[in-house]
Amino acid sequence: MMNALAVEGLSHNFGGLLALSGVNMHAADGERLVIVGPNGAGKTTLFNIVTGLITPSAGRIRLFDRDVTRLQPFRRARLGLGRTFQITTLFPKLSVMDNVLLAVQGADRARFTLHRPVTAYPHLVQRAERLLDEWGLRDRSAMLTHHLSYGEQRQLELILALAARPRVLLLDEPTAGLSPAETASVATMIRRFPRDVTVLLIEHDMDVALALADRVVVLYQGRVLAEGTQDEMRKDPRVAEIYLGTDDA
Ligand SMILES: Nc1ncnc2c1ncn2[C@@H]1O[C@H](COP(=O)(O)OP(=O)(O)O)[C@@H](O)[C@H]1O
Ligand SMILES: [Mg+2]
C-alpha cells in the first residue's frame, strides 16, 4: 500500500547543532503515528521540514509518493497536508464561529469576492455549523475565542485543522499544558477523527500517546531510537529508560 507520508534520510543542522540525523519514517494511509521523545529531540523540527517551513540539510519528503521536498508550504497544504502548532494560531478576538468560517472559507475552492461577507455564502455557514455541532462546540459559537477555556481552544484548533479537509494531519503536542480532564477531551476528539485522515501526533504524555497510536516512533537526540506497536513500546527497555528514567526524565 502507498504511504501517505515518507521521510527518507532526513538530516538537519542548525549552525553546528545536528537537530535531525538520518531519520527514516513513514505513515501508511489512514495510520495514526505518534512521535514521542524528550524536549529537544527534534520533533517540531521534523514537522517544520515536513510542512516546508524549514528546508532540510539532507533527505526527502514524499506525500502520497510525490516528492514534495522542494515545494512551498502552501503547495503542500493544497496537496492535503495540514498541521497544528505547539502555540495557538486562533484569532482571539473573533468569535468561535468566525474562526471556523475563516478556516472553512480558506479550504473552499470557490472564489470569493472581497466585498461580500463570508456569511453571504450559506454553504460555508452550514459547513461551519456542522463542524461545531459534530465536535461539541456549537454552544460556544458566539463566544469570543479568548473566553474559551484553554482545553476548548485546543479543540477549536483541531476543528480548524479538520475544516481544511486534510489527508495528512500533523498535530504538535495538542494536549500540552492541559488538565487531565481537558487532555481526555482532546484525546477523545482525536480518536474520533475520520479514519481516512492520516495523523502524525507529537505527544509528550506516554499514556495518551499509547492510547491513540497505531504505531509509535521514539525520537531521541535527532535519531529514531525505537519504533513499533504499543505493546512493543511498553516492553522496550530503551523507551523505559527515556521515560521512566534513571536520572531526570
Ligand atoms: N530555529 C532554530 N535555531 C536553532 N536551533 C534550533 C531551532 N529550532 C530548534 N532548534 C534546536 O534543535 C533541537 C531540536 O528542537 P525541536 O525540534 O524544537 O525539539 P522538540 O520539538 O523535540 O522539543 C533543539 O536542540 C533546539 O534547541
Ligand atoms: Mg517541540
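The values are calculated or read from the model by the stated rules, or taken from the named source; none is laboratory data. Predicted model only: the values in this text are computed from it and were never measured. Methodologically, a virtual Cβ is constructed for each residue, glycine included, from the backbone with ideal geometry; neighbour enumeration extends over all protein chains shown.
Tell me, which residue of the stretch 22-52 that is at pLDDT below 95 and touching a helix residue (DSSP H, G or I) at 6+ places or on another chain (Cβ under 8 Å) is surrounded by the most Cβ atoms within 10 Å (Cβ to Cβ)?
V36
Working only within the stretch 58-101, note down all residues that are in a strand (DSSP E or B), hydroxyl-bearing (S, T, Y) and either over 30 Å from T119 (Cα atoms) or in contact (Cβ under 8 Å) with a residue 60 or more places away in the chain (or both).
Correct list: T84 only.
Looking at A161, A176 in this structure, which one is within 16 Å of ligand 2 (Cβ to nearest atom) and in contact (Cβ under 8 Å) with a residue 40 or more places away in the chain?
Just a single option satisfies the conditions, and that option is A176.
When you check A19 against the structure, is it assigned to a loop (DSSP other than H, G, I, E, B), near ligand 1 (Cβ under 10 Å from one of its atoms) and buried (at least 21 other Cβ atoms within 10 Å of the Cβ), yes or no?
It is false that A19 is assigned to a loop (DSSP other than H, G, I, E, B), near ligand 1 (Cβ under 10 Å from one of its atoms) and buried (at least 21 other Cβ atoms within 10 Å of the Cβ).
Given (1) at pLDDT below 95; (2) part of a strand (DSSP E or B); (3) closer than 21 Å to L81 by Cβ, where does L200 come up short, assuming only one miss?
Just one mismatch for L200, condition (1).
Within the stretch 176-192, which residues are in a loop (DSSP other than H, G, I, E, B) and surrounded by 20 or more Cβ atoms within 10 Å (Cβ to Cβ)?
Result: L178, single match.
What do you reckon, is R76 closer than 15 Å to L170 by Cβ and away from ligand 1 (no atom under 16 Å from the Cβ)?
yes
Could you please find all residues in the stretch 193-212 being within 19 Å of L162 (Cα to Cα) and either without any contact (Cβ under 8 Å) to a residue 40 or more places away in the chain or not basic (K, R) (or both)?
Result: F193, P194, D196, V197, T198, V199, L200, L201, I202, E203, L212.
Cβ-Cβ below 6 Å, separation at least six or inter-chain, first residue in the stretch 46-57 and over 15 Å from I202 (Cβ atoms), second among the charged types (D, E, K, R) and not in a loop (DSSP other than H, G, I, E, B): which pairs?
Every condition considered, the pairs that remain are G52/R76.
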